[in-house]
Structure formats: C-alpha cells, structure tokens
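The values are calculated or read from the model by the stated rules, or taken from the named source; none is laboratory data. In this text the structure is predicted, and so the values were computed from the model without any measurement. All Cβ positions, glycine included, derive from the backbone under ideal geometry; neighbour counts span all protein chains shown. Surface accessibility is based on the protein's heavy atoms, side chains included, excluding ligands, DNA and RNA. Shrake-Rupley method; radii C 1.70, N 1.55, O 1.52, S 1.80 Å.
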Amino acid sequence: MNLNDWNEIVSGLSNPDVPTCVEAASKLYARAAPEDIPQLLPLLESDDFFVREAAAWPLAALAGPAALPQLLKAYQRGFDEGHDNDGFSAALLEIPALFGPEAARVIAELAETTEGEIRSHALWLLEFCEA
C-alpha cells in the first residue's frame, strides 16, 4: 500500500467519528497486502482497542500463524482493558480456517510453550483446528 493511503487509513482508525473508523478498518482489510505486514504488526501495540482489532483482520489473513504470538498478546490486552473481543475473536478464528494444518501446528506449539492467558487462548483456538 502506498504511504499516502496507509497514513489516511491509519489516521481514520483513530477518528472520533465512528463511521469514519469503520470505513478505515474496511479499507485496511481490503487494501493490505503481504508487504504491509511489517507496518500492521505495530498497530497491535496501539493504545486504541479499535486500532488493534482492525489490524488483527488483515494480519490473520495475510500472516496467519506467523503473527499468532503478537495477535494473542493484543487479544489478551483487550480482555485486560475490559473489552469482549468479539470482533478480535472472529479474526483469530480465520487463521485455522485459512491455514489448516500449518495453523494447527503453530497453535499447538503455542499451547505447549506459553503460560497463563496466552496458553488458554491457544488452547481455545486449537479447538477450531481440524484433527
């Protein structure tokens, strides 16, 4: 994505006008490409829950299992802040659906090698991987 489009979209994600935010999130998902993954990952560290969730969708589709450690950390932050994470949950569920056995392998590894809430989230996500 070119820099002007990127800046416009990211700015829109934090706009106080809700329709503008929703439109920016839709554009981010529609226009993001694999080369945008390095710029998408830092959005998961935003103080704005909506920005984190908006970044989760294209990352789930484009990076899939490779982004799971960062995605699960951002996911937990949403819970810590009191959000229900329903949209973020739906984005995470795209990973097993799109990446099948590769996703199952990475998720199982995360379930074995992490602790606490991140491990719990990996175990939950593993339930959606086909045997």
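Quick notes on this one:
- In the condition set (1) outside any helix (DSSP H, G or I); (2) buried (at least 16 other Cβ atoms within 10 Å of the Cβ); (3) of a type outside the set (Ser, Thr, Tyr), LEU72 is compliant with all but (1).
- Boolean, ARG105 is touching a residue at least 24 places away in the same chain (Cβ under 8 Å) and over 17 Å from the mean Cα position of the chain (by Cα): yes
- Residue in region 110-131 that is farthest from VAL51 (Cα to Cα), counting only those that are open to solvent by less than 30 Å² (accessible area, probe 1.4 Å) and part of a helix (DSSP H, G or I): ALA111
- Some residue of region 89-109 being among the aromatic types (Phe, Trp, Tyr), open to solvent by 40 Å² or more (accessible area, probe 1.4 Å) and assigned to a helix (DSSP H, G or I): yes
- Any chance ALA56 is part of a helix (DSSP H, G or I), more than 20 Å from ASN2 (Cβ to Cβ) and free of Cβ contacts under 8 Å to residues at least 24 places away in the same chain: no
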